[in-house]
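The structure appears right after this line, and notes come after that.
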Amino acid sequence: MNIPSIVVTILMAQMATGLAKPVEDGVWIRPAFETDSEPYWAIKNGIGISLWPRTPVRGLIGIHAPYLGFPEGRVVNFVAIEPLVRGRRGYSEMERSGLDDRQGLRLWSANELNESPEISVPHFPAKGVLSELDGVQTLSFYVYAEPFGNGARPIVQVVLRQDRPHEVTFRTFVTTDSAPMDACILTATMGNYGRLRRLWLKDEIVLSTDLWPQFAPENERFAPHHQWPLEKIRVFDDEAWVAASPNESDLVEVDYVEAVQWWWKYTGTPATHYWRKPQPHSSLMTRVNGRSNYYGGRGSRIPGGIAYENFELQESFTKGAEFSFGVTPETPEALGFVSGIAPSQEDRSRMSNTKENFVAAYIHLQRCYSASDEFEKREQSIGKQLDLLKETGIRIVMPYATRTTGAAEYATDIVPVRTDPEWDCLAAFVRQARARDLKVYPTVCVLTSGNDVPDGILKIHPEWAVRSTEGNPLGQISPAHPEAREWVLAMLEEVVTKYQTDGILLDYLRYPNNRHARMDLLSEKEFEAEVRATEGSAVLDSSPFLLLEFKQRKLTELAGMISQRLRTVRPGIHIAMYTWGPHVVSGHPVAQDWPTWAKKGYIDSVNVSGYCFPDNYGDKYLEVYEQRLVLAKQMLSEASPSCEVTLCLGVKTSHGEVKSADDINTYLEIAKKHGYRGVSFFTWSTLLKHLDGFQQNQYLGRFLE
């Protein structure tokens, strides 16, 4: 949400000036008229609901709690409508309107359900329908939205009950012309205002400061999502409950840093925010993310540390599904949650040091089975490999989803070439990994498609390729070509949504290691026009540094686009990348400024190559290796302390190979000495040769101690 909207929304909703104020009607507060009135509905002395322009942030439903001691008009939280269509999530607050190209989709209200609605104006609000349900007075109306970018057209019924003065119920419906929705997520978006840090589940209280102990960026970006399935959620009388509350008894008398704007300073009674879901489906889950800074001010630290921001339930979409959201001065214990529960020691260790958990292996899928076997036997072979892998202590598997040739290892509608058109190898692998509670981060060779000669998609679109000095296409996709970018995004989206992956490992997200390689023709013309406009034509022939800066900027743009797309379609995904190390950051042909990517929040971890062997560095190979790890860690800690640096230990590579398990331990000991707590092995099939000595001497356990 933009800064002016926050200021006015939280304070007094001044944008509504000129519209008729809501009026009391018995136990209710309703819009004065059905024209030129503020869209605001409330239980007298209870919870209130508003839409733009009473809430001047378009695309959000405002939640008001005057009973907590807030001044009139102040919002305690918002609810956004975020439908999921084929894995792509819509954002009512963030999408640009198709009606006037402003941020925030237009929401409006009506008294009746209409599955073929016409777009209306928000300041002509429904007065709401008064009725009686189970002997209790209710006030209800429907909220409609213009079409989302993913094709969804959800409808949300709002119901206020006199006997539940601190709660609002939402029921989700859909228009006849909507794209089929996987889910209609209603997410409470402003938990950091109430400094919500305790998430109350079935058997535990999850602290935000434990989930993200080291997340402390200078900007206001989100900490990654965490989610829990139904079995972790408290269910009582066939109702699922999850709550979030502050860990402070007084939210008013605290010291804020100077950068915090005054509208973020809490003025009311502490409250518990909760979701309640009757008759929960087995697909129900709860999800949170967090912030350590208030929105709109660099360095505007939230007092007491990171707090939850978005707080939501998600369930497979069914017409008429009911979700209730409440803001109450009562404690979670008063709502029936068990007090005194803290995370287990195992969970606390897991949450407080995620670096200890990054123990991964790159996997070439074809080496896990025999291609001559039937499909069922192939999958059984994969399962046996994963059993052995898990016994080793590896917890993250990184199977190659695409090859450097440009071929896909999975059933794809995007990549034109498959290694096996008859069998989805990746699907079988994911099934077996899930059965063993292993996390799956598919490895994607993002920009390579044929190496020296175009293959795969570049056979169809050679104009997307970077070129040789003579202008001939090479087997590498240009990261600056607009159409190529869209194809890359679609391919990555397909992988993470089709297989619902825990993360993704981006490999070959770089230009080729060739100073003389030229960009695609379209990007080259863009560069030349840019130089002429800013530097003059005279410098075109002597501008290698300008060209390198242009490439670096374009590659960084693509990294940002990848992050945005993947985090949209797969909230909470862990985005990792492989890099050769600190030497490629500046002045190198690959133009891979990965510290900037980390600083901007595009990536969550960096897997730094440890491919230093006597074959490529002679007697000083360990010295080179150590210097590389030290500098990479220093660069990343300066760029983004919350981004994790891990070692990629090459067991057998094109640069050289280890000779024994003891060699592997030598690399691990040096990495541990310099603070590395995560490692991936390249590759699993080559590690097998040394597995007996590796396990017998507990080298991995020593590294993780």
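The values are calculated or read from the model by the stated rules, or taken from the named source; none is laboratory data. The structure displayed is predicted, hence computed values, not measured ones. All Cβ positions, even for glycine, are placed from backbone atoms using ideal geometry, and neighbour counts span all protein chains on display. We work out accessible area using only protein heavy atoms, side chains counted, and drop any ligands, DNA or RNA first. Shrake-Rupley method; radii C 1.70, N 1.55, O 1.52, S 1.80 Å.
So, in the range 293-341, of the ones that are within 24 Å of the chain's Cα centre (by Cα), of a type in the set (Ser, Thr, Tyr) and at pLDDT 90 or above, which residue ends up nearest to residue 217 (Cα to Cα)?
Among residues in the range 293-341 that are within 24 Å of the chain's Cα centre (by Cα), of a type in the set (Ser, Thr, Tyr) and at pLDDT 90 or above, the one nearest to residue 217 (Cα to Cα) is 308.
Which of the residues spanning the range 449-488 are over 33 Å from the mean Cα position of the chain (by Cα) and at positive phi?
Residue satisfying the conditions is 471 alone.
Being modelled with pLDDT of 95 or more, assigned to a loop (DSSP other than H, G, I, E, B) and surrounded by 14 or more Cβ atoms within 10 Å (Cβ to Cβ) is the requirement here; does residue 270 meet it? Break it down stepwise before answering.
Numbers: modelled with pLDDT of 95 or more: no; assigned to a loop (DSSP other than H, G, I, E, B): yes; surrounded by 14 or more Cβ atoms within 10 Å (Cβ to Cβ): yes.
Spelling it out, it is not the case that residue 270 is modelled with pLDDT of 95 or more, assigned to a loop (DSSP other than H, G, I, E, B) and surrounded by 14 or more Cβ atoms within 10 Å (Cβ to Cβ).
Going through 499, 578 one at a time, which residue ends up being of a type in the set (Phe, Trp, Tyr), at pLDDT below 95 and within 27 Å of residue 289 (Cα to Cα)?
Working: 578 fails: at pLDDT below 95.
Selected residue: 499, the only one of 499, 578 that is of a type in the set (Phe, Trp, Tyr), at pLDDT below 95 and within 27 Å of residue 289 (Cα to Cα).
Based on this model, can you work out whether residue 544 counts as in contact with a Pro (Cβ under 9 Å, 6 or more places away or on another chain) and either open to solvent by 20 Å² or more (accessible area, probe 1.4 Å) or modelled with pLDDT of 95 or more (or both)?
For residue 544, the condition - in contact with a Pro (Cβ under 9 Å, 6 or more places away or on another chain) and either open to solvent by 20 Å² or more (accessible area, probe 1.4 Å) or modelled with pLDDT of 95 or more (or both) - is not met.
For the range 568-587, name all the residues that are out of contact with any Lys or Arg (no Cβ under 9 Å at 6 or more places or on another chain) and open to solvent by 30 Å² or more (accessible area, probe 1.4 Å). Don't jump to the end; show me each part of the working.
Residues of the range 568-587 that are out of contact with any Lys or Arg (no Cβ under 9 Å at 6 or more places or on another chain), as a first pass: 576-578, 585-587.
586, 587 - these are the residues of the range 568-587 that are out of contact with any Lys or Arg (no Cβ under 9 Å at 6 or more places or on another chain) and open to solvent by 30 Å² or more (accessible area, probe 1.4 Å).
Residue 147: modelled with pLDDT of 95 or more, farther than 13 Å from residue 41 by Cα and open to solvent by 60 Å² or more (accessible area, probe 1.4 Å), yes or no?
yes
With the structure loaded, tell me whether residue 186 is open to solvent by less than 20 Å² (accessible area, probe 1.4 Å), within 29 Å of residue 59 (Cβ to Cβ) and not small (Gly, Ala, Ser) or whether it fails that test.
So residue 186 passes the test.
Results for (1) under 17 Å from residue 444 (Cβ atoms); (2) of a type in the set (D, E, K, R), shown as yes or no for each residue.
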residue: 519; (1), (2): no, no
residue: 526; (1), (2): no, yes
residue: 546; (1), (2): no, no
residue: 557; (1), (2): no, yes
residue: 579; (1), (2): yes, no
residue: 607; (1), (2): yes, no
residue: 610; (1), (2): no, no
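In this structure, is residue 171 modelled with pLDDT under 95 and either open to solvent by 10 Å² or more (accessible area, probe 1.4 Å) or under 30 Å from residue 495 (Cβ atoms) (or both)? Walk me through how you get there before you give the answer.
Values: modelled with pLDDT under 95: no; either open to solvent by 10 Å² or more (accessible area, probe 1.4 Å) or under 30 Å from residue 495 (Cβ atoms) (or both): yes.
It is false that residue 171 is modelled with pLDDT under 95 and either open to solvent by 10 Å² or more (accessible area, probe 1.4 Å) or under 30 Å from residue 495 (Cβ atoms) (or both).
Tell me which residues, restricted to the range 664-687, are touching a residue at least 60 places away in the same chain (Cβ under 8 Å) and assigned to a helix (DSSP H, G or I).
Residues satisfying the conditions are 671, 684, 685, 687.
Condition first: acidic (Asp, Glu), touching a Gly at 6+ places or on another chain (Cβ under 8 Å) and open to solvent by 20 Å² or more (accessible area, probe 1.4 Å). Can you find one or more residues in the range 93-103 that meet it?
yes
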